[in-house]
Amino acid sequence: MENATARILLEELRQRLEELIRTLATASREVAGLLQEGAVARGLNGLQEVLEAFQHFHRGLDFLLLADGKSYMFLAALKEKLEARYPLLYEALEAGDTVTLADVLSYEIAETLEDYCCPGKVN
Amino acid sequence: MAHVAIEFLETKNGSTTARATVAGGSAFLLHSAYDPEAEAERLVAGYPSLANAGGVICLGLGLAYHIEAMLRVVPADTKILVIEVNDQLRERFAQHASTSTQKKVIVAKDEAAAKGYLSLLRERLQERGLVIVEHSASIRLDPEFYEHLRRRIRDHISLLVVELNTLKTVSHIMHANNLENLPAVIADPGIKALKDAFRGRPAVIVAAGPSLSKNIDLLEAVKGRGVIICVGTAWKALLKAGLRPDLVVTLDATEANWRLFAGLTPTEEFLCYEPQVHPAIIPLFEGRRFVFNSLKSPLTAWLRELCGDKGYVEPGGSVAIAAFGIACLLGANPIVFIGQDLAYTDGYTHAKGTAYEDRRFKPTERELYCLEVPAVGGGTVTTTRNLYSFLTRFEELFAQEKDRLIIDATEGGALKRGTKVMTLRETIDFHFTEEFPILPVIANLHRKHQPDPFLRERVRKELDKTAREYMRLIPELAKVLSLAAKAEELSSIAERFRTVHLVGQWTIGSGILATLKQKGQQLTRQLRAVNSEHRLLSLLSLLTPEVELKPLLTEDAPLPAQIERIRKVYASYLQAAKYMCKELERTAARLLPDGGFERDRTLEHILQNQVVKL
């Protein structure tokens, strides 16, 4: 693949990932909302879908960073921040602690994603 | 409940949350560690009906953030009942919640509080609805307890719905019947005359469920070996099968109940009736009747006091429940049920041979009125909300009869906790083995009844006196209503002036309203004074169930609403007072020694009087 073509494809991927970041932020808040409203079963179903979407996001992100880590340092920082929050999420999920799940989704993950795509946004 | 450790932690916004650690070491938060207030608002936003709720039951207290949020939404007069299983959380609420919050919130630890709350607020709940809010994190403290609680709340609601619907549908007929049947009630022996007459002897209760068709033919083997108590609906089926029961039980006030008896002739069987029963049934069993009391309304309580105790049987809305109470009163053991499906076995509602033998369950009703319950023999069976409430009531009563063997020989229908499931064949072979005198014992106890020769006259005088008290109230009530009409007219003039800015707010309406309220309050005091002697207030409230004794609105309520309330409440009182005055006078006249009762007691008269027009 020629460099110019590769660059275009990588940029396209970045754009897609950034769109996904916004969607993931909204979805994380929605799932947190369901859990807080007491719609636990719906919330947990939603969470499963969100986690699958995160897996796709990370696969794309890993590809981008592998192809050109230097150009996408800002995404590497986001990846690091998100990865630091997942253990909290899995721990809460394992304990069935829906309150903490909603907290992590809303105040940690959604905020981290929103800080990236809409810096300075006040929730 | 398993041990739970509660630890309190500061949240990121400076509030407090709690972490629960349950047996096994699993720990979880009860509220957000970031912003518990916002989280609570979110929970409450998921219950939009709270804004108009007549009552709220919340499962789980936690640190009460969601309770505070609910209080900001519910109507000012709505109290919230919170059931919290954890002592530490309840204690913390008692120590930390503000006085104003505590005034509007009842915190309890068990289902008894929910039952009391639902009974107390039943009219209001029917009008404005009940909202059940679940705090899911708190429910994790003891999921089994809360699951049981949900079930029990549902059961209590079912019972209340049935009771209220019955009351609404037939309350006026019940009152009319109670008065119509009074001469018979005064003269007849009470069911308590049969107390312990068959101690330790078996009895079978024959209900009219579809499974009765399976084993009705075996019942002949029971005759003379056990007391056969049948509900009115099953009587026709028994007669068709060539069998006479010992006792027939009836309590329904409606004409539909009379149709079950019409055309049938008792020979040896005795009737056990509730005073509210359709009056045409009673003369069929002349000289072969026992009275039992099963209702607790103010009118029945008053009449019961006048006539003396006849024997009380726990109510439950179903004649089979009354039959069970009678079997217990007889001292019977075991008590065997047949035809007691409490469900639509094979799609039928009743047994063959009954007046309803062709009725089939309509599948279109399934979604609204039906539920599936565990069935005798495994699997589930479809039942209705009404039948389910009877099932619940039976199970409550069975639980109180630990020393008595209760056998369900229905061979179908809903499984009943507290019963031993057997076939009727097995039951007969094992329990109905010995002959003993039944009808002679009942007849002998009936003969022994010595009616009080002065009771009829005493009751007559009391009815007459009470009718006169009503009579005195009628002009007073009319005065208040006339004043209310005037106030309404003035208020509407004042409103027109106000809108064109000619006079100050409500000036004209306020003066007359003050007089009106003063009059109304005077009358209420008078009603209360009379009530303390004759229970008139209770009688009035009973005849106006849709209005009840609503208090007058407070000064800050809008003027038209205050007048409307006064008009509505006192119009009902007036209507009820006129009706009661007329009915009491008529009943008193029938109790006169010249035999007014006997003269006018034709079937046509009785049937004509069933249509009570208020």
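Taking the condition among the charged types (D, E, K, R) and open to solvent by less than 30 Å² (accessible area, probe 1.4 Å), does A:D62 pass?
Numbers: among the charged types (D, E, K, R): yes; open to solvent by less than 30 Å² (accessible area, probe 1.4 Å): no.
So A:D62 fails the test.
Yes/no per residue for (1) within 30 Å of the chain's Cα centre (by Cα); (2) within 11 Å of another protein chain (Cβ to nearest Cβ); (3) modelled with pLDDT of 90 or more; (4) open to solvent by less than 40 Å² (accessible area, probe 1.4 Å):
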site: B:V44; (1), (2), (3), (4): no, yes, yes, yes
site: B:H66; (1), (2), (3), (4): no, yes, yes, yes
site: B:V74; (1), (2), (3), (4): yes, no, yes, yes
site: B:L89; (1), (2), (3), (4): no, no, yes, yes
site: B:A97; (1), (2), (3), (4): no, no, yes, yes
site: B:K104; (1), (2), (3), (4): yes, no, yes, no
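Within the stretch B:396-436, can you find the residues that are hydrophobic (A, V, I, L, M, F, W, C), part of a loop (DSSP other than H, G, I, E, B) and touching an Asp or Glu at 6+ places or on another chain (Cβ under 9 Å)?
The first filter runs over the stretch B:396-436 and keeps only residues hydrophobic (A, V, I, L, M, F, W, C), leaving B:397-399, B:405-407, B:409, B:414-415, B:421-422, B:424, B:428, B:430, B:432, B:436.
Retained after the next criterion (residues that are part of a loop (DSSP other than H, G, I, E, B)): B:405, B:409, B:415, B:422, B:432, B:436.
The answer is B:A409, B:L415, B:M422.
I need the full set of residues from the stretch B:8-34 which are among the aliphatic types (A, V, I, L, M), more than 9 Å from every other protein chain (Cβ to nearest Cβ) and in contact (Cβ under 8 Å) with a residue 40 or more places away in the chain, in order please. First the steps, then the outcome.
Keep residues of the stretch B:8-34 that are among the aliphatic types (A, V, I, L, M), which gives B:9, B:18, B:20, B:22-23, B:27, B:29-30, B:33.
From the residues that got through so far, the ones that are more than 9 Å from every other protein chain (Cβ to nearest Cβ) too are B:9, B:18, B:20, B:22-23.
Once the filter is applied, which keeps residues that are among the aliphatic types (A, V, I, L, M), more than 9 Å from every other protein chain (Cβ to nearest Cβ) and in contact (Cβ under 8 Å) with a residue 40 or more places away in the chain, the stretch B:8-34 yields B:A18, B:A20, B:V22.
All but one of (1) within 14 Å of chain B (Cβ to nearest Cβ); (2) among the acidic types (D, E); (3) in contact with a Cys (Cβ under 8 Å, 6 or more places away or on another chain) hold for A:E30, so report the exception by its number.
Looking at each condition in turn, A:E30 falls short on (3).
Is it the case that some residue within the stretch B:317-325 is among the β-branched types (V, I, T) and open to solvent by 10 Å² or more (accessible area, probe 1.4 Å)? Break it down stepwise before answering.
Residues of the stretch B:317-325 that are among the β-branched types (V, I, T), as a first pass: B:319, B:321.
Among the residues that remain, those that are also open to solvent by 10 Å² or more (accessible area, probe 1.4 Å) are: B:319.
Within the stretch B:317-325, one or more residues are among the β-branched types (V, I, T) and open to solvent by 10 Å² or more (accessible area, probe 1.4 Å).
Criterion first (out of contact with any helix residue (DSSP H, G or I) (no Cβ under 7 Å at 6 or more places or on another chain) and within 14 Å of chain B (Cβ to nearest Cβ)) does A:L44 satisfy it?
Details: out of contact with any helix residue (DSSP H, G or I) (no Cβ under 7 Å at 6 or more places or on another chain): yes; within 14 Å of chain B (Cβ to nearest Cβ): yes.
So A:L44 passes the test.
Select, from A:E49, A:E108, A:E91, the only residue that is within 14 Å of chain B (Cβ to nearest Cβ), surrounded by fewer than 17 Cβ atoms within 10 Å (Cβ to Cβ), under 30 Å from B:A20 (Cβ atoms) and not hydrophobic (A, V, I, L, M, F, W, C). Don't jump to the end; show me each part of the working.
Numbers: A:E49 fails: within 14 Å of chain B (Cβ to nearest Cβ); A:E108 fails: surrounded by fewer than 17 Cβ atoms within 10 Å (Cβ to Cβ).
Exactly one residue qualifies, and that residue is A:E91.
For the stretch B:106-138, give me each residue that is under 23 Å from the mean Cα position of the chain (by Cα), hydrophobic (A, V, I, L, M, F, W, C) and away from chain A (no Cβ under 14 Å). Give the derivation first.
Filtering the stretch B:106-138 down to residues under 23 Å from the mean Cα position of the chain (by Cα) leaves B:110-132.
Narrowing further to those that are hydrophobic (A, V, I, L, M, F, W, C): B:112-114, B:118, B:120-121, B:125, B:130-132.
The answer is B:A112, B:A113, B:A114, B:L118, B:L120, B:L121, B:L125, B:L130.
Is it true that B:K296 is part of a loop (DSSP other than H, G, I, E, B), open to solvent by 10 Å² or more (accessible area, probe 1.4 Å) and in contact with a strand residue (DSSP E or B) (Cβ under 8 Å, 6 or more places away or on another chain)?
No: the conditions fail for B:K296.
Looking only at the stretch A:76-92, count how many residues are touching a helix residue (DSSP H, G or I) at 6+ places or on another chain (Cβ under 6 Å), of a type in the set (A, V, I, L, M) and within 30 Å of A:A4 (Cα to Cα).
Summing the residues that are touching a helix residue (DSSP H, G or I) at 6+ places or on another chain (Cβ under 6 Å), of a type in the set (A, V, I, L, M) and within 30 Å of A:A4 (Cα to Cα) in the stretch A:76-92 gives 2.
The values are calculated or read from the model by the stated rules, or taken from the named source; none is laboratory data. Keep in mind it's a predicted model, so treat the numbers as computed, not measured. Don't worry about glycine lacking a Cβ; one is built from the backbone with ideal geometry, like all the others, and counts go over all protein chains shown. Ligands, DNA and RNA are stripped out before the accessible areas are found, and what is left, the full protein with its side chains, is counted by its heavy atoms. Shrake-Rupley method; radii C 1.70, N 1.55, O 1.52, S 1.80 Å.
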